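To keep things clear, I will list the structure first and then write my remarks on it.
Laboratory data are not the source of any read-out in this text; all were calculated from the coordinates shown. Every value quoted in this text rests on a predicted model; they were computed, and no experiment measured them. Ideal geometry is used to build each Cβ from the backbone, glycine not excepted, and the neighbour counts take in all protein chains shown.
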Amino acid sequence: MKNQAKAEAIENTQGVRPAMQARSLQKRHDLLKAGRKLLHTRVLEEISIKDICTEAGCTVGSFYSRFEDKESYFDALIAESCQELLMSAASQFDDRNWVGVDGKLICDEVVSFLVGIFQGEYSSILTEAFIRESKGFIESTPMRDVGFGFITTVSKPLLPHIDSAVHPDPLRALAFAIQVVYGALHNARLRDSGPIKFRTQEFETRIQNVVSRYLGIES
């Protein structure tokens, strides 16, 4: 089911050619995996199609039988990553798992999940996607869908704990809080200018406290 959802997200991307056989699916997987690895050390502009194929162990012809060009390839890489993130969030924040749990703990876990995205294996892909969007290369990315999807997912366990006296529209307040966290994490991932360094527990803890206080969630 999960693999099918990822495959559909990829094949719904413009410029991606359908993979009809298991072997073709595996080759596409290898190519996308290669891109993830290369983006950890280089930006997209520095990566050639030949680099991707060499890393994946396949030919340039194999690449073009699956992707129209490097742009559609990267769009597919974003789509796959975003689908994985949404599925991970849906699993972790299933509201049935959070019944009776302290609201501050839920809020902290939401922030930790977001911090983990920007510090983990998806960080390079997300950074590249944001850069391309800010430069006007693309008008919209699946990242926006992830943002809205994430808000919908975490709202189920978290909304009952938001202080409605402070926020008459709790969902809007939650959406704003996540928007601010997105921006802070993106900026820290790009620059990490301090004074509190991005990859420290203090950084994560301070963001957790800011978000919970803004939402009026107390332990």
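Summary table
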read-out	value
Projected area, mean over directions - the stretch 42-83, Cα convex hull, nm²	3.1 nm²
Residues whose placed amide H lies under 5 Å from that of residue 67, excluding near-sequence neighbours	17
Highest to lowest packing among 41-49, 209-217, 75-83, scored as the average C-beta count within 10 Å	75-83, 209-217, 41-49
In order through the stretch 57-66: 3J(HN,Hα) via Karplus (6.51 cos²θ - 1.76 cosθ + 1.60), integer Hz, x for Gly, Pro	x, 9, 8, 4, x, 5, 4, 6, 7, 10
Packing-based order for 126-132, 176-182, using average beta carbon neighbours within 10 Å, highest first	126-132, 176-182
Karplus-derived 3J(HN,Hα), 6.51/-1.76/1.60, for each residue of the stretch 14-29, Hz, glycine and proline x	4, x, 9, 8, x, 9, 8, 10, 4, 5, 5, 4, 5, 4, 5, 4
When each of 37/70; 6/50; 33/197; 104/197 is checked by Cα-Cα distance, pairs over 19 Å	6/50; 33/197; 104/197
Relative contact order (percent, whole number), the chain, Cα cutoff 8 Å, 6+ residue spacing	23 percent
With Cα atoms, 0 to 90° folded angle of helix 123-134 axis to the chain main axis	90 degrees
Space enclosed by the convex hull of the alpha-carbon atoms of the chain, per residue, Å³	128 Å³
